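Report on the following structure.
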Amino acid sequence: MYSMMRDSEWRPTKPEKPVIKIRVMIVDEHPAVRHALKLRLEAFPNIEVVAVAQDCQEGMEKARTALPNVVLMELKGRNTHQPAAILEMSGVVPENPLGVIILTTYADGEEQQAAFDAGAQRYLLKQIDTAKLVEEIEAVARETSDNRHMPI
C-alpha cells in the first residue's frame, strides 16, 4: 500500500498490525441470551465467538474442538453444578488453559466467592456494558496466555 506525500512523491506505508482474535465460548441455557451476547461480542474486531453451548456438559464437548481462550458461563442453568462446573470447564483441554468468566444475573456474594475459589477469574453481571465486558475478556485472556501456545 502507498500513501501520497505530494502529488508526485509516493512512499510505502507500514502495513497494519494484524488483529489477534480472542476465541470465546458462551455457555448459557437461554438461546436468546447466547445469540444476543454473540452479536454484541462479534462487533469487536478482536473477539471471535467460536462456540455456544446450552450447558456445561455441551460446553466441555465443544471446548475440546473449538479451543476457546475464554469461556463466558452462567452458573444457574440446568446440568450446571457449581463450583464443579468451573473446575471441569477450566481443565477440559489441559494443553489449552481456559479463562473462565462467570456472567450471571445474580449478585450473590457467597456464589461469587465459591466461583473464585473454584478458579473463575471474573464474576460479572449480565447487564455489564459490552465494551467493559470485552475489556474483562481481554484481561482474562492475557492472564491465562502464559500457559497457552498462542500469545494474546
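Listed values, structure above:
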| quantity | calculated |
| --- | --- |
| Cβ pairs under 6 Å, 6+ apart, first in the range 43-55 and crowded, with 17+ Cβ neighbours inside 10 Å and in a loop (DSSP other than H, G, I, E, B), second at pLDDT 95 or above and of a type outside the set (Ser, Thr, Tyr) | Phe44/Val134 |
| Any hit, the range 69-88, residues being at pLDDT 85 or above, out of contact with any His (no Cβ under 6 Å at 6 or more places or on another chain), farther than 23 Å from Gln113 by Cβ and not in a helix (DSSP H, G or I) | yes |
| Selection count where residues are part of a loop (DSSP other than H, G, I, E, B), modelled with pLDDT under 85 and under 16 Å from the mean Cα position of the chain (by Cα), scope the range 120-152 | 4 |
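The values are calculated or read from the model by the stated rules, or taken from the named source; none is laboratory data. Bear in mind that the values here come from a model prediction, so they are computed numbers and not experimental data. Glycine also receives a Cβ, built like all others from the backbone with ideal geometry; neighbour counts cover every protein chain displayed.
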